[in-house]
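Enquirer: This is the structure I have questions about; it appears just below.
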Amino acid sequence: MMADNITSGLFNQFVKAARSTTTTVTKKTGEIVEATKLKVAIADVENEVDSLYTEIGRLVYKAFSENGEPSETINEKCAVISEKLKDIELLKIKLAGVKDSVMCGECGAGNAPGSQFCSSCGAKLQ
Ligand SMILES: [Zn+2]
């Protein structure tokens, strides 16, 4: 019972402290959240592209091992990859446009303000 009171007291203090700093950091946090969302979206599409590469590799090998022609599906999958690579470029441009985002000199990825290293390639940021 006693412990519960102490815990909730500390929690209330924490909430109060958090509230008092929230207003000043909201804008910056919003930008970081936006940048993070975009980065997650980019990573998702990159993963999809990776699995398409894997599928294509499997289809090519299947054709090779059966002495057959690579199937139509490969062309379709390649077209999907091209579309997804375009999506990634657009997302990266959007990410770079997020205010104060730090553009990586190595790979061109946008990083959240205050980042020390690039989240895409790990290069040190200026
Ligand atoms: Zn980079």
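The values are calculated or read from the model by the stated rules, or taken from the named source; none is laboratory data. Just so it is clear, the model here is predicted, and its values are computed rather than measured. In this analysis, Cβ positions are derived from the backbone assuming ideal geometry, glycine residues included, and neighbour counts consider all displayed protein chains.
Enquirer: Would you check if Thr21 is among the hydroxyl-bearing types (Ser, Thr, Tyr), more than 16 Å from the ligand (Cβ to nearest atom) and at pLDDT below 80?
Expert: So Thr21 passes the test.
Enquirer: For residues that are more than 8 Å from the ligand (Cβ to nearest atom) and free of Cβ contacts under 8 Å to residues at least 12 places away in the same chain, scanning just the range 115-126, find the one that is nearest to the chain's Cα centre (by Cα).
Expert: That would be Phe117.
Enquirer: Now for a different question. Return the total of residues in the range 95-115 being closer than 18 Å to Glu34 by Cα, assigned to a loop (DSSP other than H, G, I, E, B) and either of a type in the set (A, V, I, L, M, F, W, C) or touching a strand residue (DSSP E or B) at 6+ places or on another chain (Cβ under 7 Å) (or both).
Expert: The number of residues fulfilling the criteria is 7.
Enquirer: Sticking with this structure for a sec: Would you confirm, using the coordinates I've provided, whether Val80 is within 16 Å of the ligand (Cβ to nearest atom) and either surrounded by 14 or more Cβ atoms within 10 Å (Cβ to Cβ) or under 23 Å from the mean Cα position of the chain (by Cα) (or both)?
Expert: No: the conditions fail for Val80.
Enquirer: Could you list, ordered by first residue, the pairs with Cβ atoms under 9 Å in which the first is in the range 86-104 and at pLDDT 85 or above and the second is charged (D, E, K, R) and within 16 Å of the ligand (Cβ to nearest atom), at least 6 apart or interchain?
Expert: Ile88/Glu46; Leu91/Lys39
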